[in-house]
């Protein structure tokens with residue numbers, strides 16, 4: 001049964017493919033027990049409890065069985081069954097996960113779909129018949145806890161995709177192959193950017209080149225925020241357990257928090273920065289004349305993620321949030337949210353992210369606060385989106401536990417989307433932590449908190465950039481901008497002086513005067529994805545120039561050193577992509 005609603009024709013096709021896959025699995029493994037099988041972005045999956053462990057080697061067999069079901073061209077027919085009857089139906093089939101789902105449904109009737117030789121619990125809709133699902137591919141397997149809880153059984157999740165035409169499927173699989181080659185974990189190792197170690201599980205170690213890129217990103221972030229009127233603060237990594245209980249984070253986040261103690265006092269390692277920022281706000285008497293206060297923090301946080309959920313820089317236990325908390329009056333909400341929207345769009349453009357999708361995420365099931373406050377906050381964000389003429393979709397129940405939010409998704413060079421930036425409107429925390437400012441009437445009022453991040457996790461954004469650029473960073477971001485390579489030992493001294501001259505001018509240059517052929521040195525620089533290679537031979541040494549080669553084996557001709565410095569300087573200044 002799908003836990004998300006099917007919304008378009010491609011989703012219908014993929015959801016139908018998940019049912020075909022489930023039938024194929026039951027034919028091959030009659031004792032397998034089915035859980036859920038929704039259509040998702042770019043494909044579908046089905047969570048299955050197999051009687052024995054299975055790996056990706058079984059996928060071709062399942063695909064072959066699926067083709068037989070497709071050739072059968074069975075119609076998808078919707079059936080309705082009373083809840084009690086449906087429970088008995090699936091109990092007889094020995095499908096405990098279906099029984100559990102049905103028992104959680106409040107309706108008197110439940111929907112099933114019959115495809116000839118297989119019946120599944122499902123709301124639908126589906127394509128007309130199985131024969132329409134022709135262009136499909138099973139991709140990989142993964143472990144998934146039933147309903148996402150560690151205490152529940154671990155199921156096997158089989159991922160697949162389906163398209164209306166074979167050419168679309170081929171294009172998608174080609175993009176997947178390119179994405180595999182661009183995997184940030186592989187490139188991170190190849191380019192000597194970062195590493196992970198068992199001594200600090202899930203926590204990245206940045207090598208010199210990775211740290212260089214990270215520092216460039218953060219220096220730019222700081223410069224943009226200073227210009228936008230933000231002050232930068234820093235809060236401790238360890239705060240009292242009591243503060244997290246007051247803020248509401250303890251009740252909603254304790255399973256993902258690290259705890260410690262000092263002098264028999266319980267403490268927590270911060271999973272986010274917000275409560276620390278409120279203490280800075282409370283450290284002085286605030287007036288309406290002080291607001292808005294735009295308080296930014298590049299805060300290192302820790303979250304106790306389960307090992308199975310870790311995924312390089314994309315999901316780590318230690319990461320930096322490029323947080324900011326805007327403390328403002330209710331009347332200032334519109335202007336402040338609009339300013340954040342402009343800042344987010346400006347920052348993304350620098351990295352080549354022109355296509356941005358916007359989602360308004362509403363109140364989740366587990367939340368705190370009154371309906372009135374949630375309505376006020378949600379209306380405030382809706383108004384800001386409309387005032388800024390932004391198209392957006394509604395993500396029902398996707399908000400933070402303390403307030404609704406606007407989420408921003410960027411599209412990378414491979415057409416994949418990544419949720420990065422967020423704007424969250426919060427009336428709750430100022431109330432719970434007793435924040436106040438003196439209004440024009442001389443009495444205390446509650447400020448509103450606008451939580452916002454542009455990158456989200458800086459580490460994750462770095463990983464996205466690695467894959468977006470395929471490791472071939474533009475000059476302004478490259479840890480090494482130029483490799484100065486001598487052709488033979490006769491040019492070692494000249495090449496060294498060229499490298500020193502570049503370095504003194506602020507160019508990140510690296511010297512290669514090894515006793516190796518120039519073709520080997522060029523290949524090495526290309527493998528390191530260095531933007532420029534400045535070759536020094538006898539002719540160049542005599543004319544005080546370099547033969548410049550661009551990444552991708554482009555011959556750019558001879559350059560005087562000052563001209564090369566000027567060329568790189570201009571690319572850095574405009575942040576050329």
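The values are calculated or read from the model by the stated rules, or taken from the named source; none is laboratory data. Predicted, not measured: the structure shown is a model, and the values here were computed from it. FYI the Cβ positions are ideal-geometry reconstructions off the backbone, even for glycines, and counts take in every protein chain you see.
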If a residue must be assigned to a helix (DSSP H, G or I) and surrounded by fewer than 17 Cβ atoms within 10 Å (Cβ to Cβ), how many such residues does region 153-170 contain? 4
Is it true that some residue in region 102-110 is in the same structural domain as residue 152 (by TED's automatic domain parsing) and touching a residue at least 40 places away in the same chain (Cβ under 8 Å)? no
Are any residues in region 116-152 closer than 20 Å to residue 32 by Cβ, in a helix (DSSP H, G or I) and under 30 Å from the mean Cα position of the chain (by Cα), and if so, which ones? 146, 147
Count - residues of region 332-345 that are more than 16 Å from the chain's Cα centre (by Cα) and under 14 Å from residue 420 (Cα atoms): 4
For region 174-183, does any single residue satisfy the condition of being modelled with pLDDT of 95 or more, in a helix (DSSP H, G or I) and closer than 22 Å to residue 318 by Cα? no
Kindly establish whether residue 245 is outside any strand (DSSP E or B), under 21 Å from residue 366 (Cα atoms) and out of contact with any helix residue (DSSP H, G or I) (no Cβ under 6 Å at 6 or more places or on another chain). yes
Can you tell me which of 113, 80 is outside any loop (DSSP other than H, G, I, E, B), touching a residue at least 12 places away in the same chain (Cβ under 8 Å) and surrounded by 17 or more Cβ atoms within 10 Å (Cβ to Cβ)? 113
Can you confirm whether region 194-201 contains a residue that is assigned by TED's automatic domain parsing to the domain that holds residue 343, surrounded by 14 or more Cβ atoms within 10 Å (Cβ to Cβ) and within 30 Å of residue 469 (Cβ to Cβ)? yes
Within region 254-266, considering residues that are touching a residue at least 24 places away in the same chain (Cβ under 8 Å) and within 29 Å of the chain's Cα centre (by Cα), the one surrounded by the most Cβ atoms within 10 Å (Cβ to Cβ): 257
From 329, 362, residue being modelled with pLDDT under 90, touching a helix residue (DSSP H, G or I) at 6+ places or on another chain (Cβ under 8 Å), over 19 Å from residue 417 (Cβ atoms) and surrounded by 14 or more Cβ atoms within 10 Å (Cβ to Cβ): 362
Got a sec? Which of 61, 72 is over 18 Å from residue 12 (Cα atoms), without any contact (Cβ under 8 Å) to a residue 40 or more places away in the chain and either touching a helix residue (DSSP H, G or I) at 6+ places or on another chain (Cβ under 7 Å) or not assigned by TED's automatic domain parsing to the domain that holds residue 136 (or both)? 61
Please indicate, with yes or no, whether at least one residue in region 339-349 is part of a loop (DSSP other than H, G, I, E, B) and either out of contact with any strand residue (DSSP E or B) (no Cβ under 6 Å at 6 or more places or on another chain) or at pLDDT 85 or above (or both). no
From the list 254, 285, pick out the single residue that is in the same structural domain as residue 317 (by TED's automatic domain parsing), more than 16 Å from residue 232 (Cα to Cα) and part of a helix (DSSP H, G or I). 254
Part of a loop (DSSP other than H, G, I, E, B), touching a residue at least 24 places away in the same chain (Cβ under 8 Å) and touching a helix residue (DSSP H, G or I) at 6+ places or on another chain (Cβ under 8 Å) - does that describe any residue in region 449-470? yes
Just to check your reading of the model, which residue among 498, 475, 480, 484 is part of a strand (DSSP E or B), touching a helix residue (DSSP H, G or I) at 6+ places or on another chain (Cβ under 9 Å), in contact (Cβ under 8 Å) with a residue 60 or more places away in the chain and surrounded by 13 or more Cβ atoms within 10 Å (Cβ to Cβ)? 484
Using the structure shown, decide if residue 97 is crowded, with 19+ Cβ neighbours inside 10 Å, outside any strand (DSSP E or B) and in contact with a helix residue (DSSP H, G or I) (Cβ under 9 Å, 6 or more places away or on another chain). yes
Could you count how many residues in region 307-326 are modelled with pLDDT under 90 and touching a helix residue (DSSP H, G or I) at 6+ places or on another chain (Cβ under 9 Å)? 0
